[in-house]
Structures are given as structure tokens and as C-alpha cells.
1. Measure nothing but the geometry: give the 0 to 90° angle between the long axis through the Cα atoms of 167-178 and the longest principal axis through the Cα atoms of the chain, rounded to 10°.
2. Quick one: grab the alpha carbon gyration tensor of segment 176-253, order the square roots of its eigenvalues as a ≥ b ≥ c, and give me rounded if a/c is under 1.5, else prolate or oblate depending on whether a/b is larger than b/c.
3. Using a probe of 1.4 angstrom, how much of the accessible area of the chain is carbon and sulfur, in percent?
4. Rolling a 1.4 angstrom probe over the protein chains, ignoring ligands and nucleic acids, what is the accessible area of residue 87 in square angstrom, nearest 10?
5. Using the Cα gyration tensor of segment 155-195, with a ≥ b ≥ c the square roots of its eigenvalues, what is the shape: rounded (a/c below 1.5), prolate (a/b larger than b/c) or oblate (neither)?
6. Give the angle, between 0 and 90 degrees and rounded to the nearest 10, that separates the Cα long axis of helix 17-30 from the longest principal axis of the Cα atoms of the chain.
7. If the elastic network links every pair of Cα atoms under 10 Å, which of 241, 63, 232 fluctuates the most in the Gaussian network model of the chain?
8. What Kirkwood Rh does segment 1-49 have if only Cα atoms enter the pairwise 1/r average? Answer in Å.
Amino acid sequence: MAKIRVAVLFGGVSSEHDVSLISAENVIRSIPKDKYEVLCIGITKKGRWLYFPGDITEIPTGAWEQNPDCSAAILSPDPLHGGIITIENGETYIKKGRRCLSGAARQKRRGRQTQGIMEMARIPYVGCGVLSSAVCMDKGMTHTVLDYNGIQTAKWASVHQRDLNKLDEKCVAIAETLGFPLFVKPANAGSSVGVNKANDLESLKDAVQIAFTHDEKVIIEEFIDGRELEVAVFGYDAPIASYVGEIEPAAEFYDYDDKYVNGTSKLYIPARITDQESDRIRETALRAYQALGCKGLSRVDFFPGKGRQRDPQRDQHPAGIHQHQYVSKLMEHLGMSQEYLVDKLIEQAMENVART
Ligand SMILES: Nc1ncnc2c1ncn2[C@@H]1O[C@H](COP(=O)(O)OP(=O)(O)O)[C@@H](O)[C@H]1O
Ligand SMILES: [Mg+2]
């Protein structure tokens, strides 16, 4: 049987470019090569799309961009093309498959425009659709949808760049309503980029200015003295939730370095919570996944207040781990290896497009 051609998109102009490179290598290694042919498409920090035929070890280091075999790649919105067009030595080639398929390495909140092009081209892709990706990418929209669905989130407010001339009054009003300390974040970013804690009015204004360098909308949240819990959710119509994992950050909060550079935070599976709490969290994760219209695979993070009852029997010896391994670790505990998971995600993406 002819192999199914799957494209892995990685990189991109966002602040999470480097994170995407690491995930991409990880994902590519897990794609069953007897069944799929992998096509690597990298997007540079400047937004150039390149077809990369080289060795995948060049991806995480960023060396791939300099590889002389790279050529321009175009994702055509025309369903007739149904794939990637490359320009190699002045010649154009269409790289399409029997059932061409594209899977972006970091779906949840990175793309949103890319999903739109793939919809137009009728190319099946792994993960959330256009609306869901956009809503999950924007922390203000995520809060709004969850609030509307009765899923409790931290109390929050937002400021927009257009409010810049009344920023001081806005900050005072928000601080009065939510109280210090506060957490300040760009609405559209991830990996803790631009996230800061503010303990007083001055640091609040500074933190808002920092966040404005990443986005025109900034989210301010009440501080939660919580535990970081994570659940992976997998599926389309009848999604399933993984066990609950718990992260013990090494830094004051779970910042970028802690997530990707040092890898000194610890992951406990299962989390050090009671079975009842775990059931409630898994059930809430499924509700959030459905409310946000997620598909394929997503991670739902929780931040319940500390001081809850612990079950001492559950304490384990956790390993130091990097953030991008969490979801696969959570799914492995359900008995799904990363290879199996990636294969199923691709299969489901193809089934899902076939019925729409
Ligand atoms: N409201 C909050 N109270 C306390 N800590 C927070 C709050 N919001 C975020 N944090 C800390 O900052 C980290 C990054 O924030 P998060 O909202 O998860 O942004 P990102 O999308 O960048 O991961 C969290 O993992 C947590 O450690
Ligand atoms: Mg987070």
C-alpha cells in the first residue's frame, strides 16, 4: 500500500519558535515510517516557508535553516493542488499524496491562520480547527468561553492598547477589584513568555508594558496560590482524559526557563491529590475541551488552591523533565505510546475531514 504523505510544519514567527522546533523533532521521530512518508516544512522567524529535506537532528538546533538543500515551500489554498508546492532550482513541484495530510507540530495555540489555509485546501490536519485554535490562543477568549460554560477560572480583567491613555486609572481599578499580587500576561502568547507577577501598582504598570510588547491585549489575573495540574485530552466525538499530572516548578512560578531550558521542574503522575479530586479534574478537563471545541489532542491545565488533602501513598519519585514531554508522558500512563498516539491522531484527522 502506498504510504500516506504527512507534512510536519514547525518553527514560525511567534516567540515559541524554538519550542516548536524541539517538539517537531520529537513528533517526527514518533511517526511510523512504514506507514507514512514525512515531509518537513520549516517556517523561519521571519515567516519564510522552507521545504527541508535534511537530517531531522538539524531541526532542534535551528541549523536546518542554513541547509543548502532547503527550497521555498508554498501551502496552496487551492484544493486542486492539495499539498505543498516547492520551488527547487527554479522548477515547481507539487508534493501531494494519495491522501495528502498535514500535521503541525504545535497545534493547540500556535497556528490558527495555518489551519484556515488547510481548510481551504481541504488538507486534513491534526488538532484543533480554526475557531478553537484562535479561542485557545487568546487567554481573554478562553476565560470568556469557560466562564460562560460555568467552568471556574481565576478572576480576571483585560487592558487593550487603545486604553493606553487611561492605563493608570485602569490599573488602579483592576488592582482594587482583584487585589495584589496579580499575574500579568499577553493575551496571545505561550510558554510563559511575557508573563510577570506584580506585587504593587508600579510593578503592575511595568508588567503591563512588558506584556504589551508581545500583544495589543493584556490579561491580568488574581494570584492563585495553587498547584500546577495537567490533563491530556484526546479524541474527537468521545474524548478521553488522561490521569492528572502535577508539576512542581523549580522557579517561583513555572517560567520559560523552567519549562524548556533547565528542565528542573518535576512531574508527578498521578498528581498528589485524592481520587475524588482527580475525578473532578478529569471531568472538568473534558468539559473544557468540549466547550472550547478542541479536537485531536490538547492539554488542559489546572491551578487549584493549595492546602488540599494529600494521599501520602501516592507520593512518587518524580523525574526532571521538559515541558514538551508532558502530554506524551500523560498519555503513556493510559497505555498509549507516542508512536501509537501520533498514528491515531493522523488517522482521526483523515476520518474527520472525510465526513465533513
Ligand atoms: N493567576 C495566576 N496565579 C498564580 N500563578 C500563575 C497565574 N497565572 C499564571 N501563573 C504562573 O505562570 C505560569 C504561566 O502562565 P500561563 O497562564 O500558564 O501562561 P502560558 O500560556 O504562557 O503557559 C503558570 O504555569 C503559573 O506558574
Ligand atoms: Mg501554561
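1. 70
2. prolate
3. Carbon and sulfur: 50 percent of the exposed surface of the chain.
4. Ignoring ligands and nucleic acids, residue 87 comes out at about 70 Å².
5. Note, shape of segment 155-195 comes out oblate.
6. 60
7. 63
8. Working: mean 1/r = 0.0874 Å⁻¹.
That comes to 11.4 Å for segment 1-49.
The values are calculated or read from the model by the stated rules, or taken from the named source; none is laboratory data. Computed from a prediction, not measured in an experiment: that's the story for all the values here. Please note: Cβ atoms are built from the backbone with ideal geometry, for glycine as well, and neighbour counts cover all protein chains shown. Note: accessible area is taken over every heavy atom of the protein model, side chains too, but ligands, DNA and RNA are not part of it. Shrake-Rupley method; radii C 1.70, N 1.55, O 1.52, S 1.80 Å.
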